[in-house]
1. What full-extension length gain, to one decimal in nm, is calculated for TYR67 and VAL30 as 0.36 nm per residue of separation minus the Cα-Cα distance?
2. Each label point is 7 Å from the Cα along the Cα-to-Cβ direction; what then is the distance between the points at THR38 and GLU60, in nm?
3. Show me, for the range 25-40, the HN-Hα J-couplings you get by feeding each phi into the Karplus relation (A = 6.51, B = -1.76, C = 1.60, θ = phi - 60°), rounded to Hz, glycine and proline as x.
4. Would you mind getting me the FRET efficiency between ARG83 and HIS51? Use the beta-carbon distance for r and R0 = 35 Å, nearest 0.05.
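Read-outs: derived from the displayed coordinates by stated rules, not from any lab. Worth saying up front: this structure is predicted, and the values here are computed from it rather than measured. Cβ: placed from backbone, ideal geometry, glycine included. Neighbour counts: every protein chain shown.
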Amino acid sequence: TREPARANSFMHLGSPPPEQWDVGVEIQTVDMQHGKVTGLMKAINVPNLPHTVVTCWGGEIVDFVNYMPLTDKWRATSSDDSRHWSMFTDVQSHPET
């Protein structure tokens, strides 16, 4: 078994201090041909919860073949996507971003 990764904290103005808890992620499938990935996320020691929370998830691999950094989803504008991806230095250096 692997040590759980530490969760990112997100904060919004006017909200209480961010919560932190341990997160374990298990990747179950990777389909490079179609750019898809699935797995489980286990949130451990979540404040105010007596048990571990397990969530199934599916995602898209930004591979510049099947999926690009510009999502055209979730009401995100190209500016939203650019702002999001600019936080990742590996993506900043890619010529198609």
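1. Gain in length upon complete extension: 11.9 nm.
2. Result for the modelled spin labels: 1.8 nm.
3. In residue order, the calculated couplings are 10, 10, 8, 9, 9, 9, 10, 5, 4, 9, x, 10, 9, 9, x, 10 Hz.
4. 0.45
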